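The values are calculated or read from the model by the stated rules, or taken from the named source; none is laboratory data. Keep in mind it's a predicted model, so treat the numbers as computed, not measured. Neighbour counts are summed over all protein chains in view; Cβ atoms, including those assigned to glycine, are modelled from backbone coordinates with ideal geometry. To get the accessible areas, we keep the full protein, side chains included, count just its heavy atoms, and leave off ligands, DNA and RNA. Shrake-Rupley method; radii C 1.70, N 1.55, O 1.52, S 1.80 Å.
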Amino acid sequence: MTTLPLDPARIRALFPAFAEPSLQGQAFFENAGGSYTAQVVLDRLDTFYRRTKVQPFGVYPATIEAGEAMNHAYERMAQAFNVSADWIHFGPSSSANTYVLANAFGGWLKQGDAIVVTNQDHEANTGAWRRLAARGIEVREWSVDRQTGRLSLADLDAVLDERVKLVAATHCSNVVGEINPVAEIAARAHAVGAVLAVDGVSYAPHGIPDLETLGADIYFFSAYKVYGPHQGVMAVRPELAAQLPNQGHFFNEGKPRYRLTPAGPDHAQIAASAGIADYLEQVAEIAGAAVEGKDAFRRAHAAMRAQEIALGRPLLDYLRNRNDVRLIGPDDPELRAPTIALRHAEPGAVVAKRLAQHGIMAAGGNFYAWRLMEALGIDPQHGVLRLSFTHYTTPEEIQQLIAALDAEL
């Protein structure tokens, strides 16, 4: 394995889970379902509960401090995305956020308008949008290749025209893993007057993207998969957010943060989300000057991707030589996130249970990508074995996984 840009020991020292006695010897390969939480996030959560667990944005010291902690989280998340703070919205989950968004679009779109969805996405970024068909909106599907699971830009062009007002796609599938060319998708959507909503849930753990460069109008991810608390984070172009019908209480019409998140927010977890940005800056510091990037967040992104590519190469080399499993998505680690799904003769959950005997924490199932499973000719009830890791995984854990696969597949 090539030299890693991030020292695993220094990275893992920033996570309490790696010092937890009950987890010793257990290699965590279910990160796509939720990552470990960074200490800086837990510190912010603890501080909020101890000092400022009151209704925020009031007039006395504790409530003022609580509001400032929440405001700071909006600002820090905006920094990570390279946008202004008025882009940022917090909600209870990504699925809840897209449900509300789709309802807002349902009041904004007109009968005869069209939207484009994929069958590569997690159901969160396809199911809610498809329901708009009941309101007279034409729903067009940008379909994957049935062999590779890939989305072709030529196939996108075939479903785009001036009637399309929204394209909903994923940055990378939570099963296929291939990184989609979001900037090119955005350019195509904008060329016909459509907006682009991107599911970044499976990509953001490997680097929060620069939205100015990416060009997406909406980008969302789950904070609990990006080393943070259980919240959904959503960046929405402010001009677009202002046009969408208010989804909150009528008297909050003029408050941008309330219009797309009607449920009462979890104040402490919003405040703790600032720790995600803190953690990414720590990653950049560990990476040092050897990793390029215009700011700490871009350096962290570059370092995390380089680390994961190096870690993934021996695993994908090993899998390439197995003829008894079907690897979903590309076998080149530079083309994909380190979320690796395998179709085996046995159900994915059955294989995952056997791997647990070797200290491998993995999972099997359809992972809410039901439509994708069907498109790939995989019974969603049979599912796949999914092995997902991040930059804090070690080379030794990769070898532990390979040995376990050798023993159980």
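Only one of the numbered conditions (1) open to solvent by less than 10 Å² (accessible area, probe 1.4 Å); (2) over 15 Å from Glu30 (Cα atoms); (3) among the hydrophobic types (A, V, I, L, M, F, W, C) is violated by Leu409, and that is (1).
Restricting the search to helices (runs of 4 or more DSSP H) fully inside segment 1-101 and requiring at least 1 residues that are within 18 Å of Ala223 (Cα to Cα) and in the same structural domain as Trp129 (by the TED database) gives 39-51, 61-81.
Test of understanding: among Phe105, Phe81, which residue is open to solvent by less than 60 Å² (accessible area, probe 1.4 Å), out of contact with any helix residue (DSSP H, G or I) (no Cβ under 6 Å at 6 or more places or on another chain) and modelled with pLDDT of 95 or more? It would help to see each step written out before you state the result.
Numbers: Phe81 fails: out of contact with any helix residue (DSSP H, G or I) (no Cβ under 6 Å at 6 or more places or on another chain).
Answer to the check: Phe105.
Evaluate segment 346-355: report whether one residue or more is out of contact with any Asp or Glu (no Cβ under 7 Å at 6 or more places or on another chain) and either at pLDDT below 95 or farther than 27 Å from Asn119 by Cβ (or both). Scanning segment 346-355, I find at least one residue that is out of contact with any Asp or Glu (no Cβ under 7 Å at 6 or more places or on another chain) and either at pLDDT below 95 or farther than 27 Å from Asn119 by Cβ (or both), so the answer is yes. Residue-level analysis places Ile398 outside the set of residues that are in a loop (DSSP other than H, G, I, E, B) and open to solvent by less than 50 Å² (accessible area, probe 1.4 Å). Within segment 318-334, none of the residues are farther than 30 Å from Gly149 by Cα, under 23 Å from the mean Cα position of the chain (by Cα) and either surrounded by fewer than 16 Cβ atoms within 10 Å (Cβ to Cβ) or assigned by the TED database to the domain that holds His72 (or both). Considering only residues that are modelled with pLDDT of 95 or more and of a type in the set (S, T, N, Q), look in segment 232-256 and name the one that is nearest to Gln269 (Cα to Cα). My answer is Gln247.
On the stretch given as segment 119-158, residues that are in a helix (DSSP H, G or I) and open to solvent by 30 Å² or more (accessible area, probe 1.4 Å) total 11. The single condition among (1) out of contact with any strand residue (DSSP E or B) (no Cβ under 8 Å at 6 or more places or on another chain); (2) open to solvent by less than 50 Å² (accessible area, probe 1.4 Å) that Lys110 does not meet is (2). Pairing each residue of segment 317-331 that is at positive phi with any residue that is open to solvent by less than 40 Å² (accessible area, probe 1.4 Å) and hydrophobic (A, V, I, L, M, F, W, C), provided the two are 6+ apart or on different chains, yields C-beta distances under 8 Å for Gly329/Val175; Gly329/Val176; Gly329/Ile340; Gly329/Ala341. Screening Gln307 with (1) touching a helix residue (DSSP H, G or I) at 6+ places or on another chain (Cβ under 8 Å); (2) surrounded by 22 or more Cβ atoms within 10 Å (Cβ to Cβ); (3) of a type outside the set (Asp, Glu) gives one miss only, at (1). Considering the conditions (1) in contact with a strand residue (DSSP E or B) (Cβ under 8 Å, 6 or more places away or on another chain); (2) in contact (Cβ under 8 Å) with a residue 24 or more places away in the chain, Ala133 is excluded by exactly one of them, (2). Residues of segment 362-383 that are touching a Pro at 6+ places or on another chain (Cβ under 7 Å) and part of a strand (DSSP E or B): Gly364 alone.
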